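Notes follow once the structure below has been shown.
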Amino acid sequence: MNKWQTLEEGWKLHLTDQELYDDPMPFYHELRSKAPVYKTPDGFWVVTDYANTLSILRDDRDRGDNLPWTRTGVEAALPSYIDGEGMLAKYFAGKMNFNAEQHARMRKLLMPDFQPKSVETVRQSTCALAHGLIDEIEAPGSREMDVVADFGLAIPTRVILTLLGIDLAETDAMNKMSDDIVYSFEPAAQNDAEWQERVENSLVERRQFILQLAEERRRNPADDLFSRLVAGMHESPPLLSEDELVMNVLFLVVAGLETTANSIASGVHLFLTNPDQLELLRSDWGLLPGAIEEIMRIAPATRGSAPKWALRDVEMGGVKIATGEQIRTSTIAANRDPAEFDDPDRFDIKRDLSGNRQLAFAPFSGFYCLGHALARMEMTEAFKALFERCPDLQLADEVVHYKKSMQIYGPRALHVKW
């Protein structure tokens, strides 16, 4: 029996009850069945069905006059810390996915380093990193760890910093900055003055570090992505501005860190709570690519999309979204829509997800995740190392709680032993 009597009550519980962060699907299934395009008590629309979510992704590919949505928002709709003069506003204005022209220009600069062929150049070092992390844990005789803190977070941070050509000594500072930026997506951020001061200070410090490194690389370029971006900044005319250099370097860290870390932890959790699927994987490692797609379908690293705003009145799901209203899609709900996936709550690593059917990376849109090949490679090497090295791996806690976040989906901690 549901804990809520109305969708409004369910939405409020969804924002406050840990139970509905740990397992949001009972509410999302009910919401989708009653109102697949739903206006929340907070005033924005949320889309939970697969067909309309896919439609919005395809609309993001359109660059013509009929574009129904904008990512830059309506002036009055943006919080002051995003639309103002501070460093966080500069971050949102400078990162590559905020407007169409900038996105196309920055994507062209960054794409060569994220192609599958380029990603393969760091596979061996990623494999060595994953095994090295397990070695560090086992060295003093330990046989337990927190997959989130000790494994999931360590791999993508070090890989993206290596790809950029930034010293791994910056790992902790980059992780701290990433945590502060990710929090900006939460409704509570609007009234959190302490966080707003903290994130501004963090971004000021990171900007100073990146500009100092940029000057060093201008004088002594290396064979890395950071040096290539710095070179582009000094072309005539410049391919990117100083702010775009800073904010896109930070964006690459933020985008690659939290999402991949969540996917690794959620994947381990799914396998340990579905031992038949883990046994199946260990008997045939050729199933791993499909297993990764299934992990991202059933437990996407982000609950949904960044907000968009209607440029005109839009009819969708039997309702009208008025010009200027905000809309968000729920990836986790769309990826478990029974109209698209049979038995959608079942974890099945043999499920046919060919053709980018799972929507975690925003396929079909002009904003298809730049780092999708890198994330898939990191997950592959993480799972192979952990499940091969630790045949008796099991959960150390009876209950696993997920992050109390409207944007991020993944375990707060995942203690395991072997």
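Distance from the alpha carbon centroid of region 383-413 to that of region 1-43 works out to 25 angstrom. Model label sites at Val399 and Arg282, defined 7 Å from Cα along the beta-carbon direction, differ in position by 2.9 nm. For the pair Ala413 and Glu216 in one chain, pulling the backbone fully straight at 0.36 nm per residue adds 67.1 nm over the alpha carbon distance. Within the chain, helices built from complete DSSP H runs that reach 27 Å or longer along their own axis (Cα positions) and carry a mean Kyte-Doolittle hydropathy of -1.0 or higher are 242-272. For region 293-345, the alpha carbon positions stretch 36, 23, 12 Å along the principal axes, listed from largest to smallest.
Looking at the chain, the accessible area is 43 square angstrom per residue; that uses a 1.4 Å probe and ignores ligands, DNA and RNA.
Sorted on the mean count of surrounding Cβ atoms within 10 Å across their residues, most packed first, peptides 245-254, 319-328, 364-373 read 245-254, 364-373, 319-328. For region 176-265, which whole percent of the accessible surface, found with a 1.4 angstrom probe, sits on carbon and sulfur atoms? With neighbouring chains kept in place, the figure for region 176-265 is 49 percent. Across region 314-414, counting alpha-carbon atoms alone, Rg and Dmax equal 17.7, 55 Å.
What does the convex hull of the Cα atoms of region 170-284 come to per residue, in Å³, rounded to a whole number?
Details: hull volume 18.9 nm³, N = 115.
Output value, Cα hull per residue: 164 Å³.
Take the Cα of Ala193, step 7 Å toward its Cβ, do the same at Glu136, and the gap between the two points is 3.9 nm.
Normalised by the number of residues in the chain, the mean separation of alpha-carbon contacts (under 8 Å, six or more apart) gives a relative contact order of 27 percent. Ordering 156-167, 307-318 by mean Cβ neighbour count within 10 Å, with the highest value first, yields 156-167, 307-318.
First measure r as the distance between the Cβ atoms of Ala51 and Met25, then evaluate 1/(1 + (r/R0)^6) with R0 = 22 Å and state the FRET efficiency to the nearest 0.05. If you can, show how the numbers build up before the last one.
On the way: r = 18 Å, r/R0 = 0.84.
Calculated value: 0.75.
Spacing of the modelled spin labels on Asp313 and Lys34, each 7 Å from Cα toward Cβ, amounts to 2.7 nm. Just checking my list [x] -0.58; [y] -0.40; [z] -0.33 against log10 I(q)/I(0) by the Debye sum over Cα atoms at q = 0.07 Å⁻¹ computed from this structure; which label fits? Given [x] -0.58; [y] -0.40; [z] -0.33, the structure-derived one carries the label [z].
Determine, from the Cβ-Cβ distance of Asp392 and Asp172 and an R0 of 41 Å, the FRET efficiency 1/(1 + (r/R0)^6), rounded to the nearest 0.05. Efficiency computed from Cβ-Cβ geometry: 0.85.
The values are calculated or read from the model by the stated rules, or taken from the named source; none is laboratory data. What you see is a predicted model; the values in this text were computed from it and never measured. Using ideal geometry, Cβ is built from the backbone for each residue, glycine included, and neighbour counts are taken over all protein chains shown. Accessible surface areas use protein heavy atoms only, side chains included; no ligands, DNA or RNA. Shrake-Rupley method; radii C 1.70, N 1.55, O 1.52, S 1.80 Å.
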